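Visitor: Below you will find the structure I want to go over with you.
The values are calculated or read from the model by the stated rules, or taken from the named source; none is laboratory data. Since this is a predicted model, take the numbers as computed values, not measurements. We place every Cβ from the backbone using ideal geometry, glycine too, and count neighbours over all the protein chains shown.
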Amino acid sequence: MSSTTPATASTTRLQETPVATARRIAVEYAAPHADSVDEQARFPIEAVEALRAAGLLSAYIPEALEGGGVRISDLAAITQALAERCAAVGMIYAMHQIQVACLVHHSNSVPFFRDYLKTISEQQLLLASITSELGVGGSIRTSIAALLPGSALCRLQKNATTISYGDYADSFLATCRRTPEASASDQVLVLLQRSQMQMQPTGQWNTLGMRGTCSPGYCVESDFPAEQCLPVPFGDICTHTMTPFSHILWSACWLGIATDATARARASVRAKARKAASDGPMGDVRLAEATRDLQLMRVNLQACLGEYQTLLDANDLPALSGFDFAIRINNLKTASSELVVKIVAQAMAVTGMAGYRNDTPYSLGRHLRDAHSAAAMIGNDRLYTTNAGLLLMSAGTGGVRPERVPPSNT
Amino acid sequence: MNDRIRSILQASGGLTVDVAALSDTDDLQEAGLKSLATVRIMLALEEAFDFEFPAAMLYRNLFANIASIEQAVGELTA
């Protein structure tokens, strides 16, 4: 893939905050192509190349490894800004950052991975995830495929039901059982580089929404050096990083969809009000309801961001592994996924025909279809069932009373 | 511009007196202008003069009298 010059990345950092850069990229590179990305189910190459040129793919990598050294709250703000213009771009950025975070949090002490993180910064590599697998029913803490040790190289063969932007990523983090004898949940996370892999697509990506994420399934085969296996059990990576990062950044993406839908609804109300009779009704109560729900989405995300950052800063592994945090971070995902659908529906009710059409400044069809992906990526039923089980545990407060109120440091 | 502002105030201001009886510096609140009506006036001004009030300009003194409205609109449409 194309590389960026470090000079471009650092110059941009001096002139603009990362979020301001993301907003500019969203307007200049994501928005003009959002409709064609959706219609053709094509990868949003323009925006991704712009993110590369701005050095934003390495935003979360520490500055010592040539990265942007930003915090997760910045990543959430960037994701939201991108998703406000094109949800596919926001989601691709989110999925990439989740993988980067796994490396930053859990492999940073290993020389091979420190060098690889530097390479990601220098070459603006795009990372994807191979956690899904045929036969495990959507549970990422279950694997069938196992790491096969070899004399020189390890081998992994995995049938993944979906790999987001699999054709466009430079490398992948894949889950698998630690050994052929390991139990289904005894998993590791391995880095696979494209040059080490054969990927056979197993179907097409033709979906209602998020069409630009280009996420068909693949049969993957790879031979790679053992050093590409992360040194931490995947269970810990999942609890401390993959799950919180996923739920936070997905919610930021969905908040972007909801925010833009609400903004369009508001613009349509103002336009109507300006032309209306002087004694007409004042505003639209459904718009008022939509902004109430938007506020709920936003403050839930802010609260979880604050709590997670506090726990990371304190390296509070017991709290990160605890039931209360897990319950709240699952609630973030389920709540956001339901609210985005509700908010877009309210926006459609406000905009009426103008929102229903695909060719007006108030069009909401893409927002509606993209919003409906939220409940299915990880299925909400799975999360509700998990939380129901956690609520039986006597330990903790069941996520009901946070024992720590995080300071507003986001 | 002054005439158009006055006719908007007449139509949407809900004033207790005729706008023609007001000077440019007579207090509009004393003439019956209420907060909700200022929203209608703001929208009508935006529509009539094809601009948008930036949030920073939307303070109470904007609608103190006809002269203050005229000055703001003049600045924003210059």
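Visitor: Kindly establish whether residue A:167 is within 30 Å of residue A:316 (Cβ to Cβ) and at pLDDT 95 or above.
Guide: Working: within 30 Å of residue A:316 (Cβ to Cβ): no; at pLDDT 95 or above: yes.
No: the conditions fail for residue A:167.
Visitor: Still on this structure: Report yes if some residue within region B:62-69 is within 12 Å of the chain's Cα centre (by Cα), in a loop (DSSP other than H, G, I, E, B) and either at pLDDT below 90 or within 12 Å of chain A (Cβ to nearest Cβ) (or both); otherwise report no.
Guide: Taking region B:62-69 as the starting set, the residues that turn out to be within 12 Å of the chain's Cα centre (by Cα) are B:62-69.
With the extra rule that they be in a loop (DSSP other than H, G, I, E, B), the set shrinks to B:64-65.
From the residues that got through so far, the ones that are either at pLDDT below 90 or within 12 Å of chain A (Cβ to nearest Cβ) (or both) too are none.
Checked against the condition, which is being within 12 Å of the chain's Cα centre (by Cα), in a loop (DSSP other than H, G, I, E, B) and either at pLDDT below 90 or within 12 Å of chain A (Cβ to nearest Cβ) (or both), region B:62-69 yields no hits at all.
Conditions tested, residue by residue: (1) closer than 23 Å to residue A:276 by Cα; (2) touching a helix residue (DSSP H, G or I) at 6+ places or on another chain (Cβ under 6 Å).
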residue: B:31; (1), (2): no, no
residue: B:34; (1), (2): yes, no
residue: B:39; (1), (2): yes, no
residue: B:47; (1), (2): yes, yes
residue: B:52; (1), (2): yes, yes
residue: B:63; (1), (2): yes, yes
residue: B:71; (1), (2): no, no
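Visitor: What helices (runs of 4 or more DSSP H), lying completely within region A:233-317, carry at least 1 residues that are among the hydroxyl-bearing types (Ser, Thr, Tyr)? Break it down stepwise before answering.
Guide: On the way: elements: A:234-237, A:243-275, A:285-313.
Because the criterion is at least 1 residues that are among the hydroxyl-bearing types (Ser, Thr, Tyr), the helices (runs of 4 or more DSSP H) in region A:233-317 that meet it are A:243-275, A:285-313.
Visitor: Look at region B:7-22 and say how many of its residues are in contact with a helix residue (DSSP H, G or I) (Cβ under 8 Å, 6 or more places away or on another chain) and away from chain A (no Cβ under 14 Å).
Guide: Total satisfying the criteria: 3.
Visitor: Does residue B:37 satisfy the criteria of being within 14 Å of chain A (Cβ to nearest Cβ) and of a type in the set (Gly, Ala, Ser)? Spell out how you get there, then give the answer.
Guide: Numbers: within 14 Å of chain A (Cβ to nearest Cβ): yes; of a type in the set (Gly, Ala, Ser): yes.
Here the answer is yes, as residue B:37 does meet what is asked.
Visitor: Something else: Would you check if there is a residue in region A:220-232 being of a type in the set (Ser, Thr, Tyr), more than 14 Å from chain B (Cβ to nearest Cβ) and surrounded by 15 or more Cβ atoms within 10 Å (Cβ to Cβ)? Step through it out loud before you land on a result.
Guide: As a first pass, look at region A:220-232 and keep what is of a type in the set (Ser, Thr, Tyr): A:222.
Applying the additional criterion that residues be more than 14 Å from chain B (Cβ to nearest Cβ) yields A:222.
Adding the requirement that they be surrounded by 15 or more Cβ atoms within 10 Å (Cβ to Cβ) leaves A:222.
Scanning region A:220-232, I find at least one residue that is of a type in the set (Ser, Thr, Tyr), more than 14 Å from chain B (Cβ to nearest Cβ) and surrounded by 15 or more Cβ atoms within 10 Å (Cβ to Cβ), so the answer is yes.
Visitor: Another one. Give the residue that is surrounded by the most Cβ atoms within 10 Å (Cβ to Cβ), with candidates limited to residues of region A:84-130 that are in contact with a Phe, Trp or Tyr (Cβ under 7 Å, 6 or more places away or on another chain) and part of a helix (DSSP H, G or I).
Guide: A:92
Visitor: For the list (1) over 17 Å from the mean Cα position of the chain (by Cα); (2) modelled with pLDDT of 95 or more; (3) part of a helix (DSSP H, G or I), I need the number of the one condition that residue A:222 fails.
Guide: Of everything listed in (1) over 17 Å from the mean Cα position of the chain (by Cα); (2) modelled with pLDDT of 95 or more; (3) part of a helix (DSSP H, G or I), residue A:222 misses just condition (3).
Visitor: Ok, one more. Going by the conditions given, is residue A:289 over 22 Å from the mean Cα position of the chain (by Cα), more than 14 Å from chain B (Cβ to nearest Cβ) and among the charged types (D, E, K, R)? Full working, then the answer.
Guide: Working: over 22 Å from the mean Cα position of the chain (by Cα): yes; more than 14 Å from chain B (Cβ to nearest Cβ): yes; among the charged types (D, E, K, R): yes.
Taking the combined requirement at face value, the residue satisfies it.
Visitor: If you go through region A:133-148 one residue at a time, how many are more than 18 Å from residue A:203 (Cβ to Cβ) and within 24 Å of the chain's Cα centre (by Cα)? Steps first, answer last, please.
Guide: As a first pass, look at region A:133-148 and keep what is more than 18 Å from residue A:203 (Cβ to Cβ): A:139-148.
Pick out the ones that are also within 24 Å of the chain's Cα centre (by Cα) and you get A:139-143.
Looking only at that region, the number is 5.
Visitor: For residue A:169, state whether it is crowded, with 18+ Cβ neighbours inside 10 Å and touching a residue at least 12 places away in the same chain (Cβ under 8 Å). First the steps, then the outcome.
Guide: Details: crowded, with 18+ Cβ neighbours inside 10 Å: yes; touching a residue at least 12 places away in the same chain (Cβ under 8 Å): yes.
When the stated conditions are applied, residue A:169 passes them.
Visitor: Still on this model: Taking region A:246-283 only, how many residues are surrounded by 20 or more Cβ atoms within 10 Å (Cβ to Cβ) and within 14 Å of chain B (Cβ to nearest Cβ)?
Guide: Matching residues across region A:246-283 total 2.
Visitor: For residue B:27, which of the numbered conditions (1) in a loop (DSSP other than H, G, I, E, B); (2) of a type outside the set (Val, Ile, Thr); (3) crowded, with 16+ Cβ neighbours inside 10 Å fails to hold?
Guide: (3)
Visitor: Exactly one condition in (1) at pLDDT 95 or above; (2) surrounded by fewer than 17 Cβ atoms within 10 Å (Cβ to Cβ) is false for residue A:389; which is it?
Guide: The failed condition is (1).
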